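Before any comments, here is the structure.
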């Protein structure tokens, strides 16, 4: 039995070797690009980076609130028509926010501070055009907390999960400067802070800003 297995293995090894030698001599085997895997980012892709500063308004607790944001991103120019921006963004609500419902009659309503940050992915179509469009999404986390952390309540700070898809409109001002407008909707989950809820912190967000870098 052992000799039979060895004989079969030897036979197949010789057959494969002979076939490979035949294919090599006849030009049927190519060790060039035909054997290379297809990838999203190829050797023809170029890279850049930029910083992004935005100022806008958002809906918090049903009221308009002022918000600022910053982002650092890597620009992956897949080809002349498609660019993928990968980065990190942070957002800070600057307006005073009051609880929607406050049950402590003997404690003054505290101001609520909200900030969040996360991973951002953006796709741009025809980024070399003077005006071009994009779509993006943020996935991350944030926290809502009372400005006065010394008030006698059980919880004064809570973390939440956030997803924020949006659309962008971009204007190429120079080779290193872009102006950007954006419209997003923020989905917030897992808020457990008295006086606010997931629905209160979810809402639309519109912004205007500038991108500076090497695109």
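Laboratory data are not the source of any read-out in this text; all were calculated from the coordinates shown. None of these values were measured; they are calculated from a predicted model. Glycine also receives a Cβ, built like all others from the backbone with ideal geometry; neighbour counts cover every protein chain displayed.
Brief remarks follow.
- Efficiency of FRET from Cβ geometry, residue 86 and residue 157, R₀ 30 Å, rounded to 0.05: 0.50
- Distance between the stretch 146-214 and the stretch 70-121 - C-alpha centres, whole angstrom: 3
- Residues residue 78 and residue 115, FRET efficiency given R0 of 35 Å [Cβ-Cβ distance, rounded to 0.05]: 0.60
- Efficiency of FRET from Cβ geometry, residue 104 and residue 68, R₀ 41 Å, rounded to 0.05: 0.85
- Percentage of interatomic Cα-Cα distances in the stretch 38-214 larger than 22 Å: 48
- Virtual paramagnetic centre 7 Å along Cα→Cβ of residue 125, amide N under 15 Å, in the stretch 178-203: none
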